[in-house]
Number of protein chains: 4
Amino acid sequence: MVIPFSYRVIYGDTDQMGVMYYANYLRLFEAGRCEYMQVKGCPYSEVEKRGVLLPISEAHVNYIKPALFDETITVHTKVDLVKGARVNFSYEVTKAQGDLLATGFTNHAALDSDRRVIRVPADLIELLSPENC
Amino acid sequence: MVIPFSYRVIYGDTDQMGVMYYANYLRLFEAGRCEYMQVKGCPYSEVEKRGVLLPISEAHVNYIKPALFDETITVHTKVDLVKGARVNFSYEVTKAQGDLLATGFTNHAALDSDRRVIRVPADLIELLSPENC
Amino acid sequence: MVIPFSYRVIYGDTDQMGVMYYANYLRLFEAGRCEYMQVKGCPYSEVEKRGVLLPISEAHVNYIKPALFDETITVHTKVDLVKGARVNFSYEVTKAQGDLLATGFTNHAALDSDRRVIRVPADLIELLSPENC
Amino acid sequence: MVIPFSYRVIYGDTDQMGVMYYANYLRLFEAGRCEYMQVKGCPYSEVEKRGVLLPISEAHVNYIKPALFDETITVHTKVDLVKGARVNFSYEVTKAQGDLLATGFTNHAALDSDRRVIRVPADLIELLSPENC
């Protein structure tokens, strides 16, 4: 299951090359991830209240075409893997017309509130699992 | 005329106090301003293509209550003044339930592409003017 | 007492107007404030560990000249007032050559870790007080 | 040749997990890259004035340990490859005490000011080349 989230690029996202600054794609990925979790019934804010943290262990972005100011772009988010202590998301960013702007992934490790590695709780695996869509 | 723009606070907007970082209200004000100009028929991206820049000369924020992660908040934008080389916007940020989180303003000076002060073009005054709503 | 803190503008600070984005001055003010508190012997990280928070109640920036990519700029920070539950800082941002780029202020309210307004602890008033310099 | 650049984490870099937000490592990598180019005699601002752009085609971060507010961290930058139209940088982020916090890389494609792929100019290859250190 792929969940879309749309965003209009603001001036503050651009740099002097006239395009969205490369770090801001990771902000966009996060917005896509939050939308995914919300739609699947486990908003990250709720997960965190239960004492489960999902910090990022690895992030990757391929930049294909630039995103411009005032353009509405869409991040399409899916879960590639949820198993043991790991959750892996992947992303595609497109323009309204469908042009592919960027792809990427983030890998996450489940931690408890004392920052110890834990298994992702079973109900969360159920909700996030790519098979259950 | 007051134009609303809604935004869901991401993790990247928060700081370790658990609230939206104070500088990010200025990003939100910008998103509100862009929405205002879009709705009024003069998107800032178009204005800039005509060679008119509206850089900020002054910005102010009053922080009343914190905005939290995953909350949807709304910035309500209006024009207070558009005259000569000046455009002044003001903002109110509220929660879904109506709680007031912040207020503020930004004052702008119209410049041409060589960064010389110019009068705001007449059609833009017309479109942005608070009387014409 | 005025404490200087120097910073080289990165690409990510600029926007497509080719200048530092207006919200990033509040990041710079924060860096100046942290430097001030560090130099005066009460780093903000230590203050927070004692359970005293100093969230911002008001922020203001006057933008005079743009800061450009790769320029080293300096924020000069001082305390204007520390009294009761309030701490007020003010800032001047200059270029290496002395040109004034921006001025501004931030007002802070002292809170305890339950977010209740408290008096600034006496030793902190002592350390921060503009008279004690 | 590895060039170090030190940075003190500000409040605005952290998120509500109490650690530096994952996107901000890409800002730090950029600061490291700028320092590298400055030290090697080809500041990126100069390169850009000659009409050579080096936008990022790929970015990767491994997050090992968190960076905390008010900590001074160091990014160690080197060039892995400069050849044809490509420049590849890699990075290690450490704490003062030497703890490894993160590693990563960015790959860049040389473009002219019309955004066409070009060979990296010979003198720039010379200056950036990892062999010439």
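The values are calculated or read from the model by the stated rules, or taken from the named source; none is laboratory data. What you see is a predicted model, and the numbers here were worked out from it, not measured in a lab. Heads up, the Cβs are rebuilt from the backbone with ideal geometry, glycines too, and the neighbour counts pull from every protein chain shown.
Is it true that some residue in the stretch B:3-11 is away from chain C (no Cβ under 12 Å) and in a helix (DSSP H, G or I)?
So far as the stretch B:3-11 goes, yes, one or more of its residues are away from chain C (no Cβ under 12 Å) and in a helix (DSSP H, G or I).
Scan A:PHE29, A:PHE89 and give me the residue that is within 12 Å of chain B (Cβ to nearest Cβ), touching a residue at least 24 places away in the same chain (Cβ under 8 Å) and crowded, with 19+ Cβ neighbours inside 10 Å.
A:PHE29
Which members of the stretch A:49-72 meet the condition of being surrounded by fewer than 21 Cβ atoms within 10 Å (Cβ to Cβ) and either among the aromatic types (Phe, Trp, Tyr) or touching a Leu at 6+ places or on another chain (Cβ under 8 Å) (or both)?
Matches in the stretch A:49-72: A:VAL52, A:LEU53, A:PRO55, A:ILE64, A:LYS65, A:PRO66.
Quick one: in the stretch D:16-26, which of the residues that are touching a Pro at 6+ places or on another chain (Cβ under 9 Å) and hydrophobic (A, V, I, L, M, F, W, C) is surrounded by the fewest Cβ atoms within 10 Å (Cβ to Cβ)?
Start the filter on the stretch D:16-26 by keeping residues that are touching a Pro at 6+ places or on another chain (Cβ under 9 Å), which leaves D:17-20, D:22.
Still in the running and hydrophobic (A, V, I, L, M, F, W, C): D:17, D:19-20.
Working: D:MET17: 19, D:VAL19: 21, D:MET20: 27.
Among residues in the stretch D:16-26 that are touching a Pro at 6+ places or on another chain (Cβ under 9 Å) and hydrophobic (A, V, I, L, M, F, W, C), the one surrounded by the fewest Cβ atoms within 10 Å (Cβ to Cβ) is D:MET17.
Among (1) surrounded by 15 or more Cβ atoms within 10 Å (Cβ to Cβ); (2) modelled with pLDDT of 95 or more, which single condition is B:LEU124 missing?
That leaves (2) as the condition not met.
Across the stretch B:98-114, which residue is farthest from the other protein chains (Cβ to nearest Cβ) among those that are more than 26 Å from C:GLN16 (Cβ to Cβ) and surrounded by fewer than 22 Cβ atoms within 10 Å (Cβ to Cβ)?
B:GLY98
Does D:LYS95 fit the bill of being surrounded by fewer than 17 Cβ atoms within 10 Å (Cβ to Cβ) and either in contact with a strand residue (DSSP E or B) (Cβ under 6 Å, 6 or more places away or on another chain) or under 30 Å from C:GLU46 (Cβ atoms) (or both)? Spell out the reasoning first.
Details: surrounded by fewer than 17 Cβ atoms within 10 Å (Cβ to Cβ): yes; either in contact with a strand residue (DSSP E or B) (Cβ under 6 Å, 6 or more places away or on another chain) or under 30 Å from C:GLU46 (Cβ atoms) (or both): yes.
So D:LYS95 passes the test.
Yes or no: the stretch A:32-48 includes at least one residue that is on the phi < 0 side of the Ramachandran plot, more than 12 Å from chain B (Cβ to nearest Cβ), part of a strand (DSSP E or B) and buried (at least 20 other Cβ atoms within 10 Å of the Cβ).
Within the stretch A:32-48, not a single residue is on the phi < 0 side of the Ramachandran plot, more than 12 Å from chain B (Cβ to nearest Cβ), part of a strand (DSSP E or B) and buried (at least 20 other Cβ atoms within 10 Å of the Cβ).
Let's see how each residue does on (1) over 9 Å from the mean Cα position of the chain (by Cα); (2) within 19 Å of C:GLU126 (Cβ to Cβ):
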{"position": "C:VAL2", "(1), (2)": "yes, yes"}
{"position": "C:GLY12", "(1), (2)": "yes, no"}
{"position": "C:GLY18", "(1), (2)": "yes, no"}
{"position": "C:ARG27", "(1), (2)": "no, no"}
{"position": "C:ALA31", "(1), (2)": "no, no"}
{"position": "C:VAL39", "(1), (2)": "yes, yes"}
{"position": "C:CYS42", "(1), (2)": "yes, yes"}
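Inside the stretch B:49-86, can you point out the residues that are within 19 Å of A:PHE69 (Cα to Cα) and either facing another protein chain (nearest Cβ under 8 Å) or assigned to a helix (DSSP H, G or I) (or both)?
Hits for the stretch B:49-86 are B:LYS49, B:LEU53, B:PRO55, B:ILE56.
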